[in-house]
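For reference, the structure discussed in these notes is given below.
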Amino acid sequence: MKARFAIDTEFNEFGGDLISLALVDIDYPDKKPFYEVLECRHPGEWVAVHVMPILNKPAITTAVFRRLLAGFLAKYSAVHIVADWPDDIRYFCQALITGPGMCIQTPALSFEIRRDIDAESELPHNALADARAIAKKLKELERHL
C-alpha cells in the first residue's frame, strides 16, 4: 500500500537535536498517526517555553523511537512525505540512520517540500497538531486544483 504523509518535527533550537516527529496520513487523516517524543535534557530557552510544555507525550529512547518508526513505515510499499520546511525532511532522514553505513529498513521513500502551505495549527509548535494542520491544508489545496 502506498501512502502520503504530512510531517512536522520539533527540535532543540536551530540545528539542535530532534525532540518530536509526527506523520499524519494526508488522505486518511483519522488513521492513527506516528507521533513520538525524544528526551531533551537541556532545551534552549525558546524551546523550554514554547515546545516542551505541549509535547503531550512521554519521551522514549532513540532506539525505541527508531523501532517504532520502522514498524510504522513497514506497513507501506511506498511513502511520500510532504513538509512545509526543509528541516523536517532532514530530521526524518537523520532518524533513519542507526550507525555508519546502517539505517532502519524503509519502503520506497520520496519527499516534497511545499513552501506554499500556510497551515493554522490548533496547537502551534506541537509536531502532531502541526502535521495535522499541514495534512488538512494540503487536502484543501488539492480540492482547488
query = In the full protein assembly as shown, how much of His144 is accessible to a 1.4 Å probe, in Å² to the nearest 10?
reply = 150
remark   = HN-Hα couplings for segment 121-136 via Karplus (6.51, -1.76, 1.60; θ = phi - 60°), in whole Hz with x for Gly/Pro, come out as 7, 6, 9, x, 6, 9, 4, 5, 5, 5, 5, 4, 5, 5, 4, 4
request  = Could you state how much accessible area Glu112 has, in square angstrom rounded to the nearest 10, with a 1.4 Å probe and all protein chains kept in place?
outcome  = 60
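Where does the charge balance sit around Lys31 when Lys and Arg score +1, Asp and Glu -1, over other residues with C-beta under 13 Å from its C-beta?
Numbers: positive: Arg4, Lys32, Lys75, Arg132; negative: Asp25, Asp27, Asp30.
Computed value for this residue: +1.
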query = What is the distance, in nm, between label points placed 7 Å from the Cα along the Cα-to-Cβ direction at Glu13 and at Glu140?
reply = 3.4
ask   = Considering only protein heavy atoms, what per residue accessible area in square angstrom results for the chain with a 1.4 angstrom probe?
value = 57
inquiry  = Could you work out what % of the accessible surface of segment 23-94 is carbon and sulfur, using a 1.4 angstrom probe and leaving DNA, RNA and ligands out of the count?
reply    = 59
inquiry  = Show me, for segment 48-62, the HN-Hα J-couplings you get by feeding each phi into the Karplus relation (A = 6.51, B = -1.76, C = 1.60, θ = phi - 60°), rounded to Hz, glycine and proline as x.
reply    = 4, 8, 9, 10, 4, x, 10, 5, 6, 6, x, 6, 10, 6, 4
key: Lys pairs, the chain - Cα-Cα below 18 angstrom, 8 or more residues apart or on other chains   = 12
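Please sort 56-68, 129-141 by packing, taking for each peptide the average over its residues of neighbouring beta carbons within 10 angstrom, highest first.
Per-residue Cβ counts within 10 Å, averaged per peptide and sorted highest first, yield 129-141, 56-68.
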remark   = Given backbone amide H placed at 1.01 Å from N, residues whose amide H is under 5 Å from that of Ile19, ignoring those fewer than 5 places away on the same chain, are Glu10, Phe11, Asn12
request  = Would you kindly calculate the translational diffusion coefficient of segment 20-145, applying Stokes-Einstein with the Kirkwood radius from alpha carbon pairs, for 37 °C and a viscosity of 0.692 mPa s, and quote it in µm² s⁻¹ without decimals?
outcome  = 211
key: the chain: relative contact order as a whole-number percent, Cα under 8 Å and 6+ apart   = 31
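The values are calculated or read from the model by the stated rules, or taken from the named source; none is laboratory data. Note that the structure is predicted; figures quoted are calculated from it, not measured. Note: ideal-geometry Cβ built from the backbone for every residue, glycine included; neighbour counts use all protein chains shown. We work out accessible area using only protein heavy atoms, side chains counted, and drop any ligands, DNA or RNA first. Shrake-Rupley method; radii C 1.70, N 1.55, O 1.52, S 1.80 Å.
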